[in-house]
Amino acid sequence: METQGVTNLLGDPKKAILKISTPLIVAMLIQTLYNLVDTIWVAGLGDSSLAAVGVFFPFFFILMAVSNGVGVGASSAISRRIGQNNREKASVIAEQSIILSFIIGILVIVTIPFLKAMFLGLGFEEDVSNLAYDYGSIMILGSVILFFTNMGSSILRGEGNTKKPMYAIVIGSIINIILDPIFIYVLGWGIKGAAIATVISMLVTALLFAYWIFISKNNYVNMKFSKDRLIPEYSVYKEIFKVGIPASLAQISMSLSMFAMNYIIAIVGGTAGIAIYSTGWRIVSLGVIPLHAIAAGVVAVAGAAYGACKPEKIEEAYKYAIKFAVVCETVVAVVILLLTPQIAYLFTYSEGSAHLYDGIVSFMKYMFLFYPVVPLGMLTSAMFQGINKARYSLILTIFRAIVMQLIAAYVFAFVLGYGLEGIWMGIIAGNGVSVVIMYLIGIRVINKLKDTLTKKSVEF
C-alpha cells in the first residue's frame, strides 16, 4: 500500500520537500502564537508566576529535547525502511516507537517527587519554587501524552504525511488558547490552570493521532500490536537511539551555549545586556521557525533516498532545501529589519524596559545577517540525521554552537574591544564560518555516498 505521502517521499525530492515542509511551517507558526499567548496570560498573575514558568522551562526544554530527538530517530528509521520498500519493518519500528514513548513518559513521571527539592536546591525562592512545582508537576503528569503525541507526529512525518500533524497541532493550540483564560482567571485556578489547559490540549492532539495511527487504515505503517510485537525489540531501540540520542544532545548543547553566552554577556553588559539578548533571541527563534519545518522534510526525504540507495536524490533534496530555506530566511530577515522599531517597541513599551529599546534594535540589525546563513548548518544536521549519521550532526552542532560561536563572541567583545556589540558580531562570525564548514562536510559525505552506497552497504 503506497499512500500519497510515500509517493511524495519516493518521487521528486524537490516536490517532496515542499509538500512535507509547508504544512509544518503553518503548524509551527500557530504553535508559537499559542506559546506567546500563554505567556501573556500567565504574566497577568504576577512576577512570581511568570518566574515560576521560567524556572520550570529548562526542565521542560530537556523533556522536549529528548522527545523530539527520539521522534527524529523514529522518523528517520521509518523513512529509510520506506526507501527499502520494507513496509513490515517500517510498521514494526512504528509500533516499537509507540511502546518506547510510553516507557520514557512513565519514567519521567517518577521525577515529580523530586521537583520541588531541585528548584530549592538551585537557589530559587520558596514561593517561586512552590508555584514552579504546582505548574511543573501537572506538566510532567502529561509527559506520557507529550511523548506519544510527538511520536505519533514523527511516525506520520516518517511516511511523508505532514498534513495530519498540522491539523492536530493547530487544533490543540487553538483549544489551549481558549482554555487558558477560562482556567486561569474564570475558574481561578491560576498557574495550575495554565498547566491543566496545556495538558488537555495535548490530550486532544494525542486522541487525533491515536485515531489516525490505530484506527484509520490510510497509513503506510500497519499497526497490529500482536503479542510478539508488544515485546520490546532492543535492536529497533538501538536504531532509533542511534539517531535520537545525538539529536537530543544537539538540542541540549544549544541550550548550554545560551547559558554560556549569558555569562559572557553579563560581564560586558550586565542585566540589561542579558535582557537584550534574551528578548532578541526570542525574535530570532521566531524567525527560524520555517527552518525546523524544512529540516523535518530533509530528514524524511534523505532517509527514504538513503534506504533506496539513491545518493543523487539525497543531494538533490539537500541542495534544494538549502536554496528554499535561504530564500525563506532572506525574506524573514528583510521583514524583521523593516519592522525592527515596531517589534522592539512591543518589548520595551513600559517605563521599566524603555532603556532596552536601542540595544534590542541594534541586536536585531546585526541578526539580519544571521537568518540567511543558518540554513546551511541546520539542514546539514537534518541530512545527517536522515542518513543515519546523527553523530556527525551532534559533533558539528557542538562545534558551531559551543566552540565557534562562544570563541568568536569572546574575541570580538574582549580581545578586539567591541563590547556588547562585539558579542553580536561574534555570533554572526562564529555561525557564518562554522555553517560553511558544515555545508562542505555535508557535500563531501554525499559525494562519498555516491561512490560507496549499495544495497549491501546501507547502515541500519
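Exactly one residue out of Gly377, Gly432, Gly386, Gly442 is in contact with a helix residue (DSSP H, G or I) (Cβ under 9 Å, 6 or more places away or on another chain) and farther than 30 Å from Ile82 by Cα: that is Gly432. Screening region 347-368 for residues that are crowded, with 17+ Cβ neighbours inside 10 Å and among the aliphatic types (A, V, I, L, M) and picking the one that is nearest to the chain's Cα centre (by Cα) gives Met367. No other residue among Gly73, Gly69, Gly121 is of a type in the set (Gly, Ala, Ser) and over 20 Å from the mean Cα position of the chain (by Cα) apart from Gly121.
It is to be established whether one or more residues within region 305-317 are open to solvent by less than 10 Å² (accessible area, probe 1.4 Å), at pLDDT below 95 and under 23 Å from Ser253 (Cβ atoms). Looking through region 305-317, none of the residues is open to solvent by less than 10 Å² (accessible area, probe 1.4 Å), at pLDDT below 95 and under 23 Å from Ser253 (Cβ atoms). For region 125-135, filtering for residues that are buried (at least 19 other Cβ atoms within 10 Å of the Cβ) and at pLDDT below 90 leaves 4. Tell me, please, whether a residue that is part of a helix (DSSP H, G or I), under 29 Å from Val26 (Cα atoms) and open to solvent by 60 Å² or more (accessible area, probe 1.4 Å) can be found in region 216-239. For region 216-239, residues part of a helix (DSSP H, G or I), under 29 Å from Val26 (Cα atoms) and open to solvent by 60 Å² or more (accessible area, probe 1.4 Å): absent. Annotation note: of Ile336, Ile294, the sole residue that is crowded, with 19+ Cβ neighbours inside 10 Å, in contact with a Pro (Cβ under 8 Å, 6 or more places away or on another chain) and β-branched (Val, Ile, Thr) is Ile294. When region 301-349 is filtered for residues that are out of contact with any Leu (no Cβ under 9 Å at 6 or more places or on another chain) and not in a helix (DSSP H, G or I), the ones remaining, listed by number, are Leu339, Tyr349. Among the residues of region 413-430 satisfying the criterion of being free of Cβ contacts under 8 Å to residues at least 12 places away in the same chain and either open to solvent by less than 10 Å² (accessible area, probe 1.4 Å) or not in a helix (DSSP H, G or I) (or both), which is nearest to Leu356 (Cα to Cα)? Checked region 413-430; the qualifying residue nearest to Leu356 (Cα to Cα) is Tyr418. From the list Tyr371, Tyr410, the one residue that fits, being out of contact with any Lys or Arg (no Cβ under 8 Å at 6 or more places or on another chain), part of a helix (DSSP H, G or I) and over 17 Å from Glu315 (Cα atoms), is Tyr410. Going by what's in this entry, would Glu95 be described as part of a helix (DSSP H, G or I), charged (D, E, K, R) and more than 25 Å from Lys310 (Cβ to Cβ)? Against the criterion (part of a helix (DSSP H, G or I), charged (D, E, K, R) and more than 25 Å from Lys310 (Cβ to Cβ)), Glu95 qualifies.
Restricting attention to region 28-57, the residues being farther than 23 Å from Pro290 by Cα, assigned to a helix (DSSP H, G or I) and either at pLDDT 75 or above or open to solvent by less than 50 Å² (accessible area, probe 1.4 Å) (or both) number 11.
Across region 375-412, the number of residues qualifying as aliphatic (A, V, I, L, M) and open to solvent by less than 10 Å² (accessible area, probe 1.4 Å) comes to 7. Of the residues making up region 347-391, those that are under 30 Å from Ala300 (Cβ atoms) and of a type in the set (Phe, Trp, Tyr) number 3. Taken over region 4-53, residues that are more than 30 Å from Gly83 (Cα to Cα) and of a type in the set (S, T, N, Q) amount to 6.
Here Gly105 meets the list (1) touching a helix residue (DSSP H, G or I) at 6+ places or on another chain (Cβ under 7 Å); (2) open to solvent by 20 Å² or more (accessible area, probe 1.4 Å); (3) more than 30 Å from Leu453 (Cβ to Cβ) almost entirely, failing just condition (2).
Is it the case, given these coordinates, that Lys224 is of a type in the set (Lys, Arg) and either under 23 Å from the mean Cα position of the chain (by Cα) or over 19 Å from Val92 (Cβ atoms) (or both)? No.
Pairing each residue of region 17-42 that is in contact (Cβ under 8 Å) with a residue 40 or more places away in the chain and over 22 Å from Ile200 (Cβ atoms) with any residue that is in a helix (DSSP H, G or I) and charged (D, E, K, R), provided the two are 6+ apart or on different chains, yields C-beta distances under 7 Å for Pro23/Lys163.
The values are calculated or read from the model by the stated rules, or taken from the named source; none is laboratory data. All of these numbers come straight from a predicted model, not from anything done at the bench. Note: ideal-geometry Cβ built from the backbone for every residue, glycine included; neighbour counts use all protein chains shown. All accessible areas refer to the heavy atoms of the entire protein, side chains included, with ligands and DNA or RNA removed. Shrake-Rupley method; radii C 1.70, N 1.55, O 1.52, S 1.80 Å.
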